[in-house]
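The structure under discussion appears below in the form of structure tokens.
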Amino acid sequence: MALIIKALIFYFFSIFLTDQVHAQVIRFDITKDLLLVHFDCKTDVDDVQSMAAFATLLSSSDYKNINYHAVTGTYGVQKGLYVPPNALLELAFENHWTDAHNNFVTAVNEVMAKVKPVLEVGGEIWIADAGQSDFTARLIQAVALKFPELITTDHIHVVQHSDWNESVTAKSALQFVKKHSDYNKIADGNSLNNGTPGFKDIAFTHWDTVIFDSNLVDIWQLAIGLCNQYNGKKGRYLNDAIAKGGLDFSDLSEVCWILGLEDIIDINGFFSTVLE
């Protein structure tokens, strides 16, 4: 009997510890941290829908006060044509975005101006690499020059979900980011049931039956129009789900992980969570 009692005590104590450890997993602190979302937009149009989905998330009362900044043109060494999303960025994010495609150096400086005040007050930087890590590497280098004491895994966090994105990041850039940040490789957002939301669904063609806010409707209509304009055109990657009227905002899986929303399963779950 004594052994049974001890076993039960150990069992319940183990559950308690597990719950405590889970409860102590704190990622993004909305009161002081900065969320950067880096979109490559080369050559897959899924980044365009990821922008629309991010704008949808920001419309939620839970996330409308996030300190965020989006960057486009953060591509690596892959070949192919760029998908220009600036009209969508202006509509979705107003002045909370930067264009690294047209001026890379200026973009680094612009984003540094967003990073600096956050680090100065003890905040942390969370980077969703919705593409490659080349721009992220240059940004971290700029931070290292200004705040050499803060280039630690306690202050800069990078999240990547794609093996392919890593494969077309310049090797030296990827090595630098992994060495000088808290680099988190999560499961691919294109797939279901792997511990990360799966945000690619060829059958989800009815976004207009779940989104009613007029501003979001405009954002999604523009995003889908851009996708139709550039998907598979002039040698760009042909996204099959989008080509058949479905959705693909798989790059948003990183943002969901940063915000502790990795338990969302799929696109249905995303919309029901952020639009409730």
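Derivation of every value follows stated rules applied to the coordinates shown; laboratory data play no part. Just so it is clear, the structure is predicted and the values come from calculations on it, not from any experiment. Backbone-built Cβ (ideal geometry, glycine too); neighbour counts: all protein chains shown.
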Could you give the length gained by full extension between V105 and L238, i.e. 0.36 nm per residue of separation minus their alpha carbon distance, to one decimal place? 44.9 nm
On a full-extension model of 0.36 nm per residue, what is the gain between N194 and V217, subtracting their alpha-carbon distance, rounded to one decimal in nm? 5.3 nm
Holding the Cα-Cα limit at 29 Å, pick out from K114/K200; K116/K233; K42/K185 the pairs that are longer than that. K114/K200; K116/K233
Which ³J(HN,Hα) values in Hz, rounded to whole numbers, follow from the phi angles of segment 202-212 under the Karplus curve 6.51 cos²θ - 1.76 cosθ + 1.60, where θ = phi - 60° and Gly and Pro get x? 5, 8, 8, 10, 10, 4, 6, 9, 10, 10, 10
Residue order, fewest to most surrounding Cβ atoms within 10 angstrom, among S60, S214, S250: S214, S60, S250
For the chain, what proportion of DSSP beta bridges, expressed in % and rounded to the nearest 5, is antiparallel? 10
Farthest towards the positive end of the dipole of segment 34-274, among G76, G122, V274 and with Cβ unit charges of +1 on Lys and Arg and -1 on Asp and Glu, lies the Cα of G76
Residues of segment 73-98 with backbone N under 18 Å of the label point set 7 Å from the Cα of L275 along Cα→Cβ are 92
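What shape does the chain have by the C-alpha gyration tensor, where a ≥ b ≥ c are the square roots of the eigenvalues, rounded means a/c under 1.5, and otherwise prolate means a/b greater than b/c and oblate the rest?
oblate
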Eigenvalues of the Cα gyration tensor times 5, then square-rooted: what semi-axes does that give for segment 90-224, in whole angstrom, largest first? 30, 20, 14
How far apart, in nanometres, would the label points at I265 and K32 be if each is projected 7 angstrom from Cα along the Cα-to-Cβ direction? 3.8
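Over segment 43-93, what per residue volume does the convex hull of the Cα atoms give, in whole Å³?
Here the figure is 76 Å³ per residue.
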Using only alpha carbon pairs under 8 Å that are at least six residues apart, calculate the relative contact order of the chain and give it in whole percent. 23
Distance between modelled label sites at K171 and V77, nm, 7 Å Cα→Cβ extension: 0.7
Using 0.36 nm times the number of residues separating A203 and H96, minus their current alpha carbon distance, what extension gain do you get? 35.3 nm
Distance between Cα centroids, segment 170-224 to segment 241-276: provide it in whole Å. 6
Test of understanding: ordering H161, H206 by Cβ neighbours within 10 Å, fewest first, what list do you get? H206, H161
Is segment 178-276 best put as rounded, prolate or oblate by its Cα gyration tensor, with a ≥ b ≥ c the root eigenvalues, rounded for a/c under 1.5, and otherwise prolate when a/b is larger than b/c, oblate when not? oblate
Charges at C-beta only: +1 for Lys and Arg, -1 for Asp and Glu. How large is the resulting dipole of the chain about its Cα centre, in Debye rounded to 20? 720
Taking other Cβ within 10 Å of each residue's Cβ, how do H157, H96 sort, fewest first? H96, H157
Order these peptides, 232-239, 176-183, 37-44, by their mean beta-carbon neighbour count within 10 angstrom, highest first. 37-44, 176-183, 232-239
